[in-house]
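Here the structure comes first, spelled out in structure tokens, and everything after it is commentary.
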Amino acid sequence: MPTTLLTLNLDQIGQMSCNPSIGGVGKGHMVREIDALGGAMGRLIDATGIHFRILNESRGFAVRGPRAQADKVKYRIAARRLLEATPHLRLRQGMAAKLLWEAGTKGLKGVELLDGSILPCDAVVVTTGTFLNGQILIGERRHEAGRAGEPPSTHLGLQLRALGLRHRRLKTGTSPRIAKATVDFDRLMPQPGDDPPRPFSFFTDHLPQPQVHCHITFTSPRTEALVRENLHRSAMYGGHVEGVGPRYCPSIEDKYVKFPDHERHQIFVEPESLETEEIYLSGLSTSMPPDVQEGMVHSLEGFERAEILRPGYAIEYDAFDPLQLRRDLGMGELEGVWFAGQINGTTGYEEAAGQGFLAGLNAARWLLEKEALVLRRDEAYLGVMVDDLVTKGTDEPYRMLTARAEHRLGLACDLADARLLEHARAIGALLPSELSRVEDKLHRRARLRAQCDEVWVTQSSVFGPVAEAAGLSLKAGLSLSELFRRQQMTTKHADESLGMLEGWRDPQPAWDPTWERDLLLFELRYAGYRERESRLLEHHRDWDAVRIPGDMVIESLPSLSREVKEKLLLHRPETLGQASRIPGITPAAVTLLHLMIEKRRSA
Ligand SMILES: Cc1cc2nc3c(=O)[nH]c(=O)nc-3n(C[C@H](O)[C@H](O)[C@H](O)COP(=O)(O)OP(=O)(O)OC[C@H]3O[C@@H](n4cnc5c(N)ncnc54)[C@H](O)[C@@H]3O)c2cc1C
């Protein structure tokens with residue numbers, strides 16, 4: 001299917017507007033899911049990453065998440081190369097000014113560009129990021145822009161507002177960038193990456209870039225004094241911004257106001273690229289005027305002589321209420337129109353990539369008259385995100401956190417390929433060789449599990465000395481699986497035991513022994529919890545399968561309170577499961593609604 005990617009500047013494809021990194025806890029989970037479904041983000045960061053770390057490693061298999069620093073310049077080039085090599089995809093620079101509909105019909109006709117040309121199309125995915133009616137704010141100054149150095153998208157913004165879609169102003173901010181040669185790195189705390197680094201993608205065998213350290217510094221009493229003395233000059237705090245900002249990426253002004261007891265704040269010093277001398281200060285997002293920013297930077301240990309290359313800034317932009325979206329990310333009643341990314345009220349590259357993948361896929365499937373891919377909350381963090389957006393909406397920039405998922409054990413990021421294999425097969429986004437790579441791994445895993453169940457361990461067996469070293473006495477024998485369930489068996493003991501199993505060591509790059517050992521221990525030790533979780537889930541799954549007929553007249557349903565009706569009308573849930581998750585909809589109301597759906601069905 002021929003597709004056009006329209007963008008304001010072809011050189012900015014894959015541009016990281018803020019921090020030069022991908023992933024983290026929750027976000028890294030989504031990158032693995034996108035990868036498992038055939039998306040590009042995991043492979044792009046593997047090709048260009050210069051510092052990889054698994055976060056939350058000590059907090060358990062389910063909540064650990066990969067994160068990597070990108071070489072931002074190489075990431076952009078790799079993203080563009082990948083698009084240029086994609087069959088049936090045409091790249092076009094230009095500004096979309098207007099969506100066009102066929103007169104007198106609901107059918108989309110095309111997109112009109114600012115230069116007057118028209119791109120005919122039957123479906124469009126709108127991903128305008130922070131550009132819609134965007135305004136940059138630095139201190140008391142404000143100017144129109146979509147991102148530093150780029151114009152805002154005003155015409156399209158005005159048309160979407162005029163269509164009567166509910167919109168709001170949101171804001172976000174970024175940190176100053178520093179000249180590397182002006183930083184005294186000897187006074188900073190080095191933060192090495194993992195050794196060896198582990199790739200994001202299930203399909204990467206080799207990480208090609210040289211790996212570098214990041215560093216850590218801290219704010220000082222001088223930083224705090226400067227922020228407090230100048231709060232009235234900050235765009236965010238001086239009353240110059242009406243938009244709501246991201247709770248989980250607070251500005252330095254926010255940190256001092258909201259956490260007055262914290263003596264100092266950690267600042268991560270991250271290289272932007274091996275091709276440039278630019279440094280990013282993660283944790284120092286600010287909208288102070290440049291002179292205050294300079295003082296703040298100089299107040300950090302090791303930055304006394306540092307030079308700012310680009311000041312930090314805040315940006316305010318239009319986002320549209322995601323409650324208007326359908327579960328396939330189509331925009332309500334607007335036929336042929338999908339929305340994805342920051343425009344839906346989210347923040348972050350990974351959130352945007354996940355929505356972009358699903359919206360693009362579903363737009364294509366709609367054109368092919370195929371059913372949309374709607375992931376369930378227990379299948380993927382991507383499913384949690386879309387369900388949260390379209391069911392609960394969001395009042396502030398939405399960021400993925402593992403705490404948003406109620407079924408965390410089953411959503412471990414290392415299991416995304418196994419979990420989503422059937423969807424990947426159905427949508428056809430993986431190559432046959434990639435599908436068989438996942439299948440081979442799953443077969444091997446199953447064989448290993450069976451082996452562990454079968455192998456009988458006694459004191460006199462080859463496993464006896466390992467069990468003894470773990471402080472376990474094996475009077476009666478037990479299976480290797482049972483032995484692994486014992487908490488005394490550390491990962492070192494598990495590695496020693498597994499090393500004795502036939503076929504455990506395999507030179508195949510897809511088989512990472514550390515990863516597989518962790519997975520095996522997780523599955524054995526959490527089997528009981530996972531069973532309980534899946535029993536609880538069955539009940540919710542049933543509700544998710546009950547569709548609320550689109551023509552059901554909510555206003556005239558008897559027995560439901562006015563408040564419940566108002567909420568149903570506002571959120572427009574497509575299934576009973578979705579209705580049950582709307583804040584304020586009681587279990588009693590869900591039961592009543594269920595009864596009415598059943599009654600209608602049997603009428
Ligand atoms: C200043 C700033 C600070 C940020 N801070 C954070 C943060 O702290 N944490 C975090 O997780 N995320 C942050 N982000 C957000 C992160 O950059 C975005 O969430 C993510 O890039 C959004 O992706 P997107 O695809 O929705 O939009 P973008 O990456 O912004 O891409 C939008 C694209 O749309 C194109 N476009 C816009 N209008 C038109 C038009 N009319 N016609 C044609 N093309 C158009 C643009 O050319 C651009 O390529 C920040 C972003 C900015 C700008």
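The values are calculated or read from the model by the stated rules, or taken from the named source; none is laboratory data. Please read these numbers as outputs of a predicted model, since none were measured by experiment. Cβ atoms come from the backbone with ideal geometry, glycine included; neighbour counts cover every protein chain shown.
Take Lys492 and decide whether it is among the charged types (D, E, K, R) and within 30 Å of Arg600 (Cα to Cα).
Taking the combined requirement at face value, the residue does not satisfy it.
At least 2 residues that are among the hydroxyl-bearing types (Ser, Thr, Tyr) and in contact (Cβ under 8 Å) with a residue 60 or more places away in the chain in each: list the strands (runs of 3 or more DSSP E) lying fully within the range 148-242 that qualify.
167-174
Filter the range 254-292 down to the residues that are of a type in the set (A, V, I, L, M, F, W, C), farther than 18 Å from Gly302 by Cα and touching a strand residue (DSSP E or B) at 6+ places or on another chain (Cβ under 7 Å) and list them by number.
Leu274
Which pairs do you get when a residue that is among the hydroxyl-bearing types (Ser, Thr, Tyr), found in the range 131-143, comes within reach of a residue that is within 13 Å of the ligand (Cβ to nearest atom), reach meaning Cβ atoms under 8 angstrom, with the pair 6+ apart or on two chains?
Nothing qualifies.
Which of the residues that make up the range 6-27 are within 22 Å of the chain's Cα centre (by Cα), more than 9 Å from the ligand (Cβ to nearest atom) and not in a loop (DSSP other than H, G, I, E, B)?
Ser21, Ile22, Gly23
Could you grab me the full set of residues in the range 330-345 that are within 12 Å of the ligand (Cβ to nearest atom) and on the phi > 0 side of the Ramachandran plot?
If the condition is that a residue be within 12 Å of the ligand (Cβ to nearest atom) and on the phi > 0 side of the Ramachandran plot, then Gly341, Gly345 are the ones that fit.
Would you tally the residues in the range 97-126 being near the ligand (Cβ under 10 Å from one of its atoms) and surrounded by fewer than 21 Cβ atoms within 10 Å (Cβ to Cβ)?
Selection size over the range 97-126: 4.
Taking the range 417-475 as the region of interest, how many residues are assigned to a loop (DSSP other than H, G, I, E, B), among the charged types (D, E, K, R) and at pLDDT 90 or above?
Residues in the range 417-475 being assigned to a loop (DSSP other than H, G, I, E, B), among the charged types (D, E, K, R) and at pLDDT 90 or above: 0 in total.
Would you confirm whether or not the range 247-268 contains a residue that is aliphatic (A, V, I, L, M), within 16 Å of the ligand (Cβ to nearest atom) and modelled with pLDDT of 95 or more?
Yes, some residue in the range 247-268 is aliphatic (A, V, I, L, M), within 16 Å of the ligand (Cβ to nearest atom) and modelled with pLDDT of 95 or more.
Restricting to the range 346-374, count the residues that are touching a strand residue (DSSP E or B) at 6+ places or on another chain (Cβ under 8 Å) and within 11 Å of the ligand (Cβ to nearest atom).
The qualifying residues number 9.
Filter the range 122-172 down to the residues that are small (Gly, Ala, Ser) and touching a Gly at 6+ places or on another chain (Cβ under 8 Å) and list them by number.
Within the range 122-172, Ala123, Gly129, Gly134, Gly139, Ala145, Gly146, Ser153 qualify.
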